[in-house]
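So the structure is just underneath, and the comments pick up after that.
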Amino acid sequence: MDSADLILLPKLALDYTGLSGPVRRQLAREAGIPEWMLDSTRVAVPSDRKIRLWELVEHELADPHVALRAGRSCVPGSFGLIDYLFMTAPTIAAGMTRTVAYVNVLSTHCILSVVDGPEEIGFDQDTACGDGRGRELATQVALATMVARTQQGTGGVVKPVRVSFRQAAPRRHDQFVETFGTTRIEFGAPTDQLMFRVADMARPLATADPMLAGILLQHAETAAVRPPAVTCSEQLHHVLLALLGTGPITVDRAACGMATSGRSLQRRLAGEGTTWRRELDRARLAWLENQKPRPGMSQDDVARQLGYSDARAFRRARQRWSAESGRN
């Protein structure tokens, strides 16, 4: 796998395009994104799945401007840390600089660079891999959200002076003009690029917050996108954590969340040298260690949260865990 995106990027194609719940889940499955990932904000997926998802969404809605609409309507914070790094900066220039410097907290697929000029300053976007229509749509939404953030931070005062796209010219340009606020839009260009006036880049952001920015910048130093979960047991672990507290947990129910069968799931686990029971116990222990029972929860409540019939079954399991831990 060459590059990865935080799940927030493909979720943009699902959450800001007007899809119904069932269609949203169906398209995610077709793009190879397990349903359990849609409930997370921290996991990463291979970038080709985001690109495929945009193609599926455009086909489903029969709307060639779906990515532009999504970019315009995307609210601040939808991209997590990278959004807040921009919004807490003192000026547009500082926000853009932070976006370029720390884009890896969101994606290792997007490559941003600054192009300086005497009166204009540009931001080029490239991608580590991928081509075709999905890449065009992903680029459109990336540039559209960048412009949306500058307008949200300045009350709509600042707009790019010109925009360039590598893609071929569409039949209609009106949605591009509405999205970017300029008629100077070039297609078939060497790069995908936004250009702003140097004077505009010095404008202050209304959302600036120096104290919060300092905290976020420290966090960004160690928050690069991690490779996605690729083993069956890693994927199962996330599924099981999501299932805890939602009723009886069976191998078939967990397998359904991974778009496979119970038999196939157990066979893949065996190939990794583990078992269904071991992975279920691992998820239960993780819940106990990380989530912690809420104040006032009885032993029966905790047992039900972990999928046991009663506190007695939970106590037997804990005794077994202790015995197994002593043997290791």
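The values are calculated or read from the model by the stated rules, or taken from the named source; none is laboratory data. Nothing here was measured: the structure is a model prediction, and the numbers come from that model. We place every Cβ from the backbone using ideal geometry, glycine too, and count neighbours over all the protein chains shown.
Residues in region 43-79 that are touching a Ser or Thr at 6+ places or on another chain (Cβ under 9 Å), more than 14 Å from ALA142 (Cα to Cα), modelled with pLDDT under 95 and not in a helix (DSSP H, G or I): ALA44, PRO46. When region 215-253 is filtered for residues that are within 14 Å of ALA283 (Cβ to Cβ) and either in contact with a Phe, Trp or Tyr (Cβ under 8 Å, 6 or more places away or on another chain) or among the aromatic types (Phe, Trp, Tyr) (or both), the ones remaining, listed by number, are GLN235, HIS238, VAL239, LEU241, ALA242, LEU244, VAL251.
Let's see how each residue does on (1) crowded, with 18+ Cβ neighbours inside 10 Å; (2) touching a Gly at 6+ places or on another chain (Cβ under 8 Å); (3) of a type outside the set (Val, Ile, Thr):
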site	(1), (2), (3)
ILE215	no, no, no
GLU221	no, no, yes
LEU236	yes, no, yes
LEU240	yes, no, yes
LEU243	yes, yes, yes
THR246	no, no, no
VAL251	yes, yes, no
CYS256	no, no, yes
THR274	no, no, no
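In summary, ARG277 fulfils each of the numbered conditions (1) under 27 Å from THR41 (Cβ atoms); (2) of a type in the set (Lys, Arg); (3) out of contact with any helix residue (DSSP H, G or I) (no Cβ under 8 Å at 6 or more places or on another chain) with the single exception of condition (1). Any chance region 182-198 includes a residue that's in contact (Cβ under 8 Å) with a residue 12 or more places away in the chain and part of a helix (DSSP H, G or I)? Yes, some residue in region 182-198 is in contact (Cβ under 8 Å) with a residue 12 or more places away in the chain and part of a helix (DSSP H, G or I). Taking the criterion of being outside any helix (DSSP H, G or I) and either over 25 Å from ALA199 (Cβ atoms) or β-branched (Val, Ile, Thr) (or both), the residues of region 103-127 that qualify are LEU106, SER107, THR108, HIS109, CYS110, ILE111, VAL114, VAL115, ILE121, ASP126, THR127.
Test ARG172 against the stated conditions and say whether it is buried (at least 21 other Cβ atoms within 10 Å of the Cβ), modelled with pLDDT under 95 and not β-branched (Val, Ile, Thr). No, not satisfied.
The condition (being touching a residue at least 40 places away in the same chain (Cβ under 8 Å) and under 30 Å from ALA93 (Cβ atoms)) is satisfied by just one residue among LEU212, LEU236, LEU280, LEU244: LEU212.
Tell me whether region 272-284 contains one or more residues that are among the aromatic types (Phe, Trp, Tyr), outside the structural domain of HIS109 (by TED's automatic domain parsing) and at pLDDT below 85.
Here is the first cut: in region 272-284, the ones among the aromatic types (Phe, Trp, Tyr) are 276.
Still in the list and also outside the structural domain of HIS109 (by TED's automatic domain parsing): 276.
Checking the rest, the ones that are also at pLDDT below 85 come to none.
Within region 272-284, not a single residue is among the aromatic types (Phe, Trp, Tyr), outside the structural domain of HIS109 (by TED's automatic domain parsing) and at pLDDT below 85.
Of the helices (runs of 4 or more DSSP H) that lie entirely inside region 207-269, those containing 1 or more residues that are touching a helix residue (DSSP H, G or I) at 6+ places or on another chain (Cβ under 6 Å) and more than 30 Å from VAL103 (Cα to Cα) span 232-243, 251-257.
Looking at ARG149, is it touching a helix residue (DSSP H, G or I) at 6+ places or on another chain (Cβ under 8 Å), surrounded by fewer than 20 Cβ atoms within 10 Å (Cβ to Cβ) and either assigned by TED's automatic domain parsing to the domain that holds ALA199 or in a loop (DSSP other than H, G, I, E, B) (or both)? No, not satisfied. Residues in region 58-85 that are under 22 Å from GLU30 (Cβ atoms) and of a type outside the set (A, V, I, L, M): GLU58, HIS59, GLU60, ASP63, PRO64, HIS65, ARG69. Would you please list the contacts, defined by Cβ atoms under 9 Å and residues six or more apart or on different chains, that run from a residue in region 46-62 that is in contact (Cβ under 8 Å) with a residue 24 or more places away in the chain to a residue that is buried (at least 24 other Cβ atoms within 10 Å of the Cβ) and among the hydroxyl-bearing types (Ser, Thr, Tyr)? Note: pairs meeting the criteria are SER47/SER107; LYS50/SER107. Among residues of region 126-144 being in contact with a helix residue (DSSP H, G or I) (Cβ under 6 Å, 6 or more places away or on another chain) and at pLDDT 90 or above, the one that is surrounded by the fewest Cβ atoms within 10 Å (Cβ to Cβ) is ARG133.
Residues of region 105-118 being over 18 Å from GLY214 (Cα atoms) and in contact (Cβ under 8 Å) with a residue 12 or more places away in the chain, which ones?
Of the residues in region 105-118, the ones over 18 Å from GLY214 (Cα atoms) are 106-118.
Result: LEU106, SER107, THR108, HIS109, CYS110, ILE111, LEU112, SER113, VAL114, VAL115, GLY117, PRO118.
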